[in-house]
Amino acid sequence: MKLHGRKLYQTLLLSLMLLAGGLPAAQAAPEADGAAAAVDTTVSLNNAGVEELQTLKGIGPKTAASIVAWRDREGPFESVDQLMAVKGIGEMTLSRIRDRLSL
């Protein structure tokens, strides 16, 4: 089978991606039934450790540690909005990560 130009490039790129560990999550191939695989990306404010909190956009090690320290000191979060009481979390950060948070 002869491949030319763009088709050859696409085939090589796909082969390299598969060899390197697969497709990025946002471009993952759909499951056999055609539905995209559901990925649970929710982070629990009341259970997550520092490492898991750092998976949230804009949350680094220092802010993640502050969240855990606040929770240890004050008790469990009663609402996602209560996260704004933690130093380093403002309205912009909260709006960026709100959809990935749970209690």
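The values are calculated or read from the model by the stated rules, or taken from the named source; none is laboratory data. This is a predicted model, so every value here is computed, not measured. Using ideal geometry, Cβ is built from the backbone for each residue, glycine included, and neighbour counts are taken over all protein chains shown.
Table for the structure above
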{"item": "In the range 56-81, the residues that are surrounded by 11 or more Cβ atoms within 10 Å (Cβ to Cβ), without any contact (Cβ under 8 Å) to a residue 24 or more places away in the chain and over 17 Å from Ser95 (Cα atoms)", "result": "Pro61, Ala65, Ser66, Val68, Ala69, Trp70, Glu74"}
{"item": "Test: residue in the range 88-101 that is touching an Asp or Glu at 6+ places or on another chain (Cβ under 7 Å) and either modelled with pLDDT under 95 or not in a loop (DSSP other than H, G, I, E, B) (or both)", "result": "no"}
